[in-house]
Amino acid sequence: MPRPQKKFHFLYKTTCVVTGRYYYGIHSTNNLDDGYLGSGRRLRYSVRKYGKDKHIREILEFANDRKAIFAREAEVANLNEVAKKDCMNLSVGGQGCLMPSENKRGFANPAWCSENTELLDKWRAKGRKKALQVLEQKRETGWRAQGFTGRVHTDKTKHLIGSKISKTQLGNKNSQFGTLWMFSLEEKASKKVDTTSVEEMERRGWQVGRRLKFDDPQISDRELFKVLAEAPNIKQALIRTGLSINGSNYKRCKKLLEKLN
C-alpha cells in the first residue's frame, strides 16, 4: 500500500544563533509547526550542544512534490555552498533516495537490493565521487576534519569529565559494581565473577586479575614467592620465572610481597 502523501513539501534553512552556522534540508509534513529542524549529523551535534531554542528554521520555498523540492535542494546546497566553513551540510543536496514507486523501502529491502546490485553500485560510486569532490574543495579552503587526533583535553575539560563520571558511575550505578575479573592458569580462562564468589574461586585455584594470554609457564605462588624474595624487583622476578610482564602478574607479585613484608 503506497504511503500517503504529505500536504507540504519545502526547502528550509536552519541556523544556530550562537555560532551562525547553518544547514539546508527538505521536509514533507502536514503540520508546518512540527518543530522539525533537520537530521544532518553536524546539525544534531549543534542542537545537542546549544539546545533547540538556539536554532531557527526558515522556510525558503515550497514545491508541489518531493521530486521538485529535491531538485531545488541540489541547486541551493551545491558544492560551493557545502564547502563553506559555516555550512553544516556534509554532502550536496538532492541526494535523497528516490526509490521506485513499487518499492518505497529501498535499501531496507534485501530482496530489492539483490535484484538491483548494478544500480546500487552505481549510486554508491556516484556518492563516493561527490563526497571526494566536497572533501577536496573543503581542504582547499583550509578546512580540516573535526577529529580528535593530535589534540588533548584541557585541564578544565578533564575536571568536568571526571566530576560527571564520579556522579554517574558511583557505587551501584557503575555497570561493574560488585564484580571483578579472575583467571585460572589450569583452565587457561578469564571470567568476571561476583565479589561474593572470590573466596570460593580462590580455593579452586583461580586468581584475581584478567589474563588474555596463557602461554606463561605454570609457576605456583610458593615458587614465585621464593623468586621474589631473592630478586631486586618485580620485573626481574618475572623475567627470571619466564612470566609475562603484564598487569595481572604485577598484581600477583604485589599480593605475595605483602605477605613477605
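Things to note:
- Summing Lys and Arg as +1 and Asp and Glu as -1 over all other residues whose Cβ lies under 13 Å from the Cβ of THR29 gives a net charge of +2.
- Under the criterion of Cα pairs below 8 Å and six or more residues apart, the relative contact order for region 8-77 equals 46 percent.
- The chain: angle of helix 247-260 to the longest principal axis, Cα-based, in degrees nearest 10: 30 degrees
- Computed E for ARG139/ASN233 - FRET, C-beta separation, R0 51 angstrom, nearest 0.05: 0.50
- Estimated inter-spin distance, VAL17 and TYR250, nm [label 7 Å along Cα→Cβ]: 5.3 nm
- Rel. contact order, % - alpha carbon contacts under 8 angstrom, at least six apart, region 179-260: 25 percent
- Added length on full extension, which subtracts the Cα-Cα distance from 0.36 nm per residue, GLU61 to ARG128: 21.2 nm
- A full extension of the chain between GLU186 and LYS7 corresponds to an added length of 57.5 nm, given 0.36 nm per residue minus the alpha carbon distance.
- Stokes-Einstein diffusion coefficient of region 144-214, Kirkwood radius over Cα pairs, 4 °C, 1.567 mPa s, in µm²/s: 85 µm²/s
- Hydrodynamic estimate: the Kirkwood radius of the chain over Cα pairs, inserted into Stokes-Einstein at 20 °C and 1.002 mPa s, corresponds to D of 86 µm²/s.
- Each Lys or Arg adds one and each Asp or Glu subtracts one; over the other residues with Cβ under 15 Å from the Cβ of LEU238, this totals +4.
- If the segment from PHE225 to ARG210 were pulled out straight at 0.36 nm per residue, it would be longer than the present Cα-Cα gap by 3.4 nm.
- Counted by neighbouring Cβ atoms within 10 Å, the residues GLU202, GLU140 run from fewest to most as GLU140, GLU202.
- Cross-link pairs beyond the 28 Å C-alpha cut-off, checked among LYS213/LYS235; LYS85/LYS130; LYS158/LYS213; LYS7/LYS49; LYS84/LYS129; LYS6/LYS49: LYS158/LYS213; LYS7/LYS49; LYS6/LYS49
- GLU200-ILE165 pseudo-label distance in nm [points 7 Å out on the Cα-to-Cβ vector]: 3.2 nm
- Average Cα contact separation per residue, the chain, under 8 Å, 6 or more apart, as relative contact order %: 11 percent
Only the coordinates and a few stated rules stand behind these numbers; no lab work does. All values derive from a computational prediction rather than experimental measurement. So basically every Cβ, Gly included, is an ideal-geometry build from the backbone, and we count neighbours across all protein chains shown.
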